[in-house]
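Working notes, structure below.
Derivation of every value follows stated rules applied to the coordinates shown; laboratory data play no part. Remember, it's a predicted structure, so these values are computed and weren't measured experimentally. Cβ atoms come from the backbone with ideal geometry, glycine included; neighbour counts cover every protein chain shown.
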Number of protein chains: 2
Amino acid sequence: MDANNWTQLWLTYQRIEDIKGDWNISYSGFDMEHRIVESGVYEFRNALEGLTGENVIISQDEEKNQNASTLFLVRDEGIPAQGYFVDSDEKGATIKASDENGLLYGIFALIRNVACGKRPGEIREEKSPSNPLRMMNHWDNMDGSIERGYSGNSFFFERNNIIISRRTRDYARFMASIGINGVVINNVNVKDAASYLITDRYFDKVKALSEIFADFGIKLYLSLNFASPIELGGLPVCDPMSKEVIDWWKDKMKEVYDQIPDLGGFLVKADSEGRPGPFTYGRTQADGANMLADIIAPYGGIIIWRCFVYNCTQDWRDRKTDRARAGYDYFKEQDGDYHDNVILQIKNGPMDFQIREAVSPLLGGLTRTNQMLEVQIAQEYTGHQIDLCYLIPLYKEVLDFHTYCKEGCDTVADVVSTRTFGNRLGGMAAVINTGNDYNWTGNDLAAANTYGFGRLSFDTSLSAEQIAREWIKMTYQLPSDKEDVLTDMLLRSREIYEKYTSFLGIGWMVTPGDHYGPSVDGYEYSRWGTYHRADHLGIGVDRTDRGTGYAQQYYRQNAEMYNDPETCPEELLLFFHHIPYTYKLKSGKTLIQYIYDSHFEGEKEAEELSADWKGLEPYVPDSVFERVSERFDRQITNAREWRDQVNSYFFRKSGIPDEKGREIY
Amino acid sequence: MDANNWTQLWLTYQRIEDIKGDWNISYSGFDMEHRIVESGVYEFRNALEGLTGENVIISQDEEKNQNASTLFLVRDEGIPAQGYFVDSDEKGATIKASDENGLLYGIFALIRNVACGKRPGEIREEKSPSNPLRMMNHWDNMDGSIERGYSGNSFFFERNNIIISRRTRDYARFMASIGINGVVINNVNVKDAASYLITDRYFDKVKALSEIFADFGIKLYLSLNFASPIELGGLPVCDPMSKEVIDWWKDKMKEVYDQIPDLGGFLVKADSEGRPGPFTYGRTQADGANMLADIIAPYGGIIIWRCFVYNCTQDWRDRKTDRARAGYDYFKEQDGDYHDNVILQIKNGPMDFQIREAVSPLLGGLTRTNQMLEVQIAQEYTGHQIDLCYLIPLYKEVLDFHTYCKEGCDTVADVVSTRTFGNRLGGMAAVINTGNDYNWTGNDLAAANTYGFGRLSFDTSLSAEQIAREWIKMTYQLPSDKEDVLTDMLLRSREIYEKYTSFLGIGWMVTPGDHYGPSVDGYEYSRWGTYHRADHLGIGVDRTDRGTGYAQQYYRQNAEMYNDPETCPEELLLFFHHIPYTYKLKSGKTLIQYIYDSHFEGEKEAEELSADWKGLEPYVPDSVFERVSERFDRQITNAREWRDQVNSYFFRKSGIPDEKGREIY
């Protein structure tokens, strides 16, 4: 990797006429030497230089330049934490905030508004973050590989060392610009060298990294190996109730926080897919989480405990066990037992980041526990950043989902924001899609998801379209009709991907292990609990009260809705019901015809996406055009393979021909 | 690996009463200092020490011991090459041969007869090898891994070095004891370090290895990288018609044979599964093979050219292309063009070592070309040396197959022996199943295949049962009723494996890549040309004259037999025909019921095998019992998985229930 070989993503400022390069800055209540304030001013200057194409002169208030505009940075305790108020007129702009993070976000808001075409006088924005915690989870391994990474290798780790470079700083800038305030740098599957991140082998570098993050108001978190007392401490067990284990952790955490006092805390994947955890010792998840949380509470640390716990050695023959049930079954019982610096991190759906799933019933199902929504920006099941799949609409659906947990304040957005239950902690986390590729995200257009997640976690009221337009305006300079084209491409892309892949909520059907490309039976006879149960008459999993009972984990209104195929939202029909191929959908189409039609359409629409992109050639940089075009070529190949395998599979199984007589193999 | 940590396989001599340890040896026409003669006498002494449990005194004729028996080693030019005549009486034994290899095989024959319970006076055996070439092919990589190896790592290579140890010598002894006279030490996929085996980086060690082999009458061969002129020589091409390329090979081969004058020659996998070859330059396979063969002819070397050439990037949608056709299509046209030190190595079936396939139509289809049969002892598709699968019955079926190429002398055994067409070269080769495991073959019982292949290649008239009994008597000391049990286990095992896996010649249905365990659709939508074409009505590949026409590659009698489902041998029915599930087999059973029944039976019989083994506990060494028992446990797990996945797949697809109402999922 060339040391300076990367793009500036959405901070690639395009030249804008009529912006002035002469500014005074006036500080009121903020220390101009505070690290975050300095970063904010640096960003302001950097943005101006990009926008004006000139050398920017920034004076401090005392040496006021009469011709200059003025940026007032004002502390205002009335503004909520990390929020900001931005106002502007011909003479300059004012940013008010009650803390430095808010100030920095306000500066970025000002820049964003300008970059998106607004002019002084038009800009007035008051925002406070929807979620207290807005986090990125990196699944980076210390050997440099990235689990489910589709954009090159890690820019944090290389050959078991921590990398600190100018790219690290750019990364932190990008994250702050979209409102991220926490980053977990290492994979939740903590093994090998990563277990040693909490030892003096790495303290210096972790601290150095956390300092760079701190410049941008970001807390660094580490994924933790629950078996550390065994692997590092040489103890025979890691039982959270063992005094020896607790003492070991106390010493360890003291050592860690002595060295890295700003450490945000730890993310833990326990008792999940082979990872160690409290179940081994007959303890609950709460026992494990609370033990660690109590120990780090004095340091202000938090424990983020993942709820991705299920039996991953299921027998495919067993139709009673239902992986979808597992999270609720394991965690609901201890609701209220978790201490207040524990937060449960809950994947959006009960399975695993499929293109469409029901919303996890744990979200809002827990009422006395800090909870955080986890989504995946990395396109593990949604096209590996080869296929275009703008995921913000998916996240929006989840956030807007009414759980019925509390009247008038029951959406997932409400719940995780802490509004609903007044929890101490809440927020959103995403498995990020970045790597050391030149363009950070493999497919340049996949950066819309990175950008979008950050913006959405800061402001869940934004629409998917607003976010798409912002990202486009920030990243490229397109004529407005072309911006419409690209916006539309992004907005259609998730549905297109769904059309040519797995349908009506059934999920999976992917190549085992890799998860790109079709294999209809790939997970059908495996141990992972991910079955479609297709036979010659029908397909789908009965999760009603006549089946696995999963639907009954929801509050009554949703439970009833899902329990009946007639009221179940059709896009989730096969998630909840086993349905005959001859079943008539609301459109009047049979299920089997829907399978055929959607797959032919999806493939065709993938080709249309590619054609739309071709039309943007004159308007985007050549290198971007080439990279993205190559991705679309691969997407079309993938879409054809999905179309033909899925259609052939169901034709061969059902024996029912396509009404339109199209080619099925 | 402990330097002495390995078994002696079938040369584990058991104590036998009434064998004398006092012998004179009389040489007539053989040089007692010839390396092979010395090896023979060593083996004789070693065997006697094992059999008698005493120190053995071997005197030379001149210092004759009056109480001793005498072994006469007599050169007799009337005995065919590498053949022997063994006779014995109370006073000793006589071995006649026309060459040292024959003498060595005669000594092993004498030992084998004694170890198998015969006594002086009963032993009289005259044999000459059925096949001139009897070869083992190792798929060992120089990093120590073994492609399709299920018994540990290579004992030839480790970290890109050649290992020479006492184990090497034992290996050579074992091979000579079963009549093997050629060994290819490296994988046919020649890459990385292995490309350098023909450079001075490795000459010393290859030569040292070949010397050990030479002590036992075994020629060493190397697998060759056809792209060596590019990879080693820096030439832009490896076109076999390029003067530059030819000159490069001439220099290279001179260098190789100067250093290793005894080298047998080279095995080449060209234009196959991504390997380079003459097709790249628009040349035929004959152009490639002849070029190399001409260059090494002066050194007495031969080129063994594999016929495993097919399109491995097929489109599963395409029903016209048929991988089974490929070998014949590519090689038949050049029949007669291959020079007389080229031998084509032809896999037993047209696909790839499935549990049951039709015999390759190239065998006997070629009439003017040296040809050699290739089989696989390594259980790639037949249970990974976890499941018991005695393969000699399969090899016997192939050898006994009537090709109709020449009246009265038309079996595959006839063809490859050179009897049919009087070719200069012929024989049998096997992909061997050994590694550096303590017991060499993972499953101790898998050594019956190693032993059996050697014996069968030397004497194709032996029955599978004879070979099994020989191997058992040599390896263990069982009471005769227990020997019957183990013999029966071996003889049943191939059919049992077939019953619980893929049926009636359809093959595949294995986990992609790994090839162990079921995945019915695992290769159904892939690029490998390996399809079952199952739909809701039936299954099988139409290879008749109405289908791909593959059946027409055989001589008329076989072509007609295969072309008609009524005359097609039932065990190959689905290899040649697409058959409805409701089709009545000769037993009166429908195809679908046959699928169910055979899978339930196969699993049950796997359990019976395991139970039979349990009954042998008192009669075999504890360590053997434990190792093999563990394998049977895994075999039962595998058999259940196969039974349930195959039955469920076809029940779900056909919708036809099991007549007997057994559990299908």
Practice prompt. Using only the alpha carbons of the stretch B:587-665, determine the length spanned along each of the three principal axes and report them from longest to shortest in whole angstroms.
Written response: 49, 23, 16
Worksheet item: Charges only on Cβ, +1 for Lys and Arg, -1 for Asp and Glu: so what's the dipole of the stretch A:179-281 about the Cα centre, in debye to the nearest 20?
Response: 140
Worksheet item: Efficiency by 1/(1 + (r/R0)^6): what FRET value for B:Lys614 and B:Arg166, r their Cβ-Cβ distance, R0 = 45 Å, to the nearest 0.05?
Response: 0.80
Fill in: For the stretch A:239-273 and the stretch A:508-585, distance of Cα centres in Å
39
Item to complete: Please get the size of the charge dipole for the protein assembly as shown, origin at its Cα centre, with Cβ charges of +1 on Lys and Arg and -1 on Asp and Glu, quoted in debye to the nearest 20.
Response: 1020
Discussion item. Under 12 Å between alpha carbons, and skipping anything fewer than 8 positions from A:Lys64 in its own chain: which aspartates and glutamates qualify?
Written reply: A:Asp22
Item to complete: Could you tell me the distance between the Cα centroids of the stretch B:587-625 and the stretch A:409-433, to the nearest Å?
Response: 57
Discussion item. Please list 3J(HN,Hα) in residue order for the stretch A:260-277, calculated via the Karplus relation 6.51 cos²θ - 1.76 cosθ + 1.60 where θ = phi - 60°; whole Hz, with x for glycine and proline.
Written reply: 10, x, 8, 4, x, x, 9, 9, 10, 9, 10, 6, 9, 6, x, 6, x, x
Practice prompt. Could you run the Karplus curve 6.51 cos²θ - 1.76 cosθ + 1.60 with θ = phi - 60° over the stretch B:71-84 and give me ³J(HN,Hα) per residue in whole Hz, x for Gly and Pro?
Written response: 9, 8, 10, 10, 7, 9, 5, x, 7, x, 3, 6, x, 7
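Cβ under 15 Å from B:Lys254's Cβ, B:Lys254 left aside: what net charge do those residues give with Lys, Arg +1 and Asp, Glu -1?
-4
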Worksheet item: What's the longest piece of chain A with no exposed GluC sites (Glu not before Pro), counting a site as exposed if DSSP puts it in a loop and it has at most 11 other beta carbons within 10 Å?
Response: A:123-406
Worksheet entry | Extreme residue, positive dipole direction of chain B, given options B:Ala534, B:Asn449, B:Thr94 (C-beta unit charges) | B:Ala534
Discussion item. Using a 7 Å offset from the Cα along the Cα-to-Cβ direction at both B:Arg424 and B:Cys312, what is the distance between the two label points in nm, to one decimal?
Written reply: 3.1
Worksheet entry | D (Stokes-Einstein, µm²/s), Kirkwood Cα radius, the protein assembly as shown, 0.692 mPa s at 37 °C | 92
Item to complete: Can you find, among A:Gly40, A:Trp6, A:Phe85, the residue farthest towards the positive end of the dipole of the protein assembly as shown? Put +1 on the C-beta of Lys and Arg, -1 on that of Asp and Glu.
Response: A:Phe85
Worksheet item: Averaged over peptide A:521-532, how many Cβ atoms belonging to another chain are found within 10 Å of each residue's Cβ?
Response: 3
Worksheet item: Once the Cβ-Cβ distance between B:Asp400 and A:Glu465 is put in as r, and R0 is 60 Å, what FRET efficiency do you end up with, to the nearest 0.05?
Response: 0.25
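Please label the shape of chain B as rounded, prolate or oblate, based on the square roots a ≥ b ≥ c of the eigenvalues of the alpha-carbon gyration tensor (a/c under 1.5 means rounded; beyond that, a/b larger than b/c means prolate, else oblate).
Oblate, because a/c is 1.5 or more while a/b does not exceed b/c.
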Fill in: Linear extension gain, B:Arg368 paired with B:Asp484, 0.36 nm per residue minus alpha-carbon span
37.4 nm
Item to complete: State, to one decimal in nm, how far the label point of B:Thr511 lies from the label point of B:Tyr665, with both points 7 Å from Cα in the Cβ direction.
Response: 1.5
Practice prompt. Treating the Cα atoms of the stretch B:20-97 as identical point scatterers in vacuum, please give the log10 of the normalised Debye intensity I(q)/I(0) at q = 0.12, 0.14, 0.16 Å⁻¹, two decimals.
Written response: -0.33, -0.45, -0.59
Item to complete: Using only Cα atoms, locate the centre of the stretch A:340-399 and the centre of the stretch A:6-65, then give the distance between them in Å, rounded to an integer.
Response: 36
Practice prompt. Using DSSP to define loop residues, name the chymotrypsin sites (Phe, Trp or Tyr not before Pro) in the stretch A:498-543 whose beta-carbon has at most 10 other beta-carbon atoms within 10 Å.
Written response: none
Worksheet entry | Helix-only mean residue ellipticity at 222 nm for the protein assembly as shown, each DSSP H run of n ≥ 4 adding -39500 (n - 2.57), per residue, nearest 500 | -11000 deg cm²/dmol
Fill in: Sites B:Thr321 and B:Asp247 - FRET efficiency at Förster radius 35 Å, r taken between beta-carbons, to 0.05
0.40
Worksheet item: Local charge sum around B:Ala193 (other residues, Cβ-Cβ under 10 Å, Lys/Arg +1, Asp/Glu -1)?
Response: +1
Worksheet item: Once a ≥ b ≥ c are taken as the square roots of the eigenvalues of the Cα gyration tensor of the stretch A:1-143, is the result rounded (a/c under 1.5), prolate (a/b larger than b/c) or oblate (a/b not larger than b/c)?
Response: oblate
Item to complete: May I ask which residue of A:Tyr583, A:Trp613, A:Val624 lies farthest towards the positive end of the charge dipole of the stretch A:578-665, with charges of +1 (Lys, Arg) and -1 (Asp, Glu) on Cβ and the Cα centre as origin?
Response: A:Tyr583
Item to complete: Calculate one ³J(HN,Hα) per residue across the stretch B:337-343 by plugging θ = phi - 60° into the Karplus curve 6.51 cos²θ - 1.76 cosθ + 1.60, and present them in order as whole Hz with x for glycine and proline.
Response: 7, 6, 6, 7, 10, 9, 10
Discussion item. Can I get the semi-axes of the stretch B:284-397's equivalent ellipsoid? Compute them from the C-alpha gyration tensor as square roots of 5 times the eigenvalues, in angstrom, largest first.
Written reply: 27, 19, 13
Practice prompt. In nm to one decimal, list the spacings between the B:Arg662 label point and its equivalents in the other copies, with label points set 7 Å along Cα to Cβ, shortest first.
Written response: 4.2
Response to the item:
With the label set 7 Å along Cα→Cβ, A:Lys254 is separated from its counterparts in the other copies, in nm and shortest first, by 7.9
Worksheet item: Treating the beta-carbon of each Lys and Arg as +1 and of each Asp and Glu as -1, no other charges, what is the dipole magnitude of chain A about its Cα centre, to the nearest 20 debye?
Response: 1040
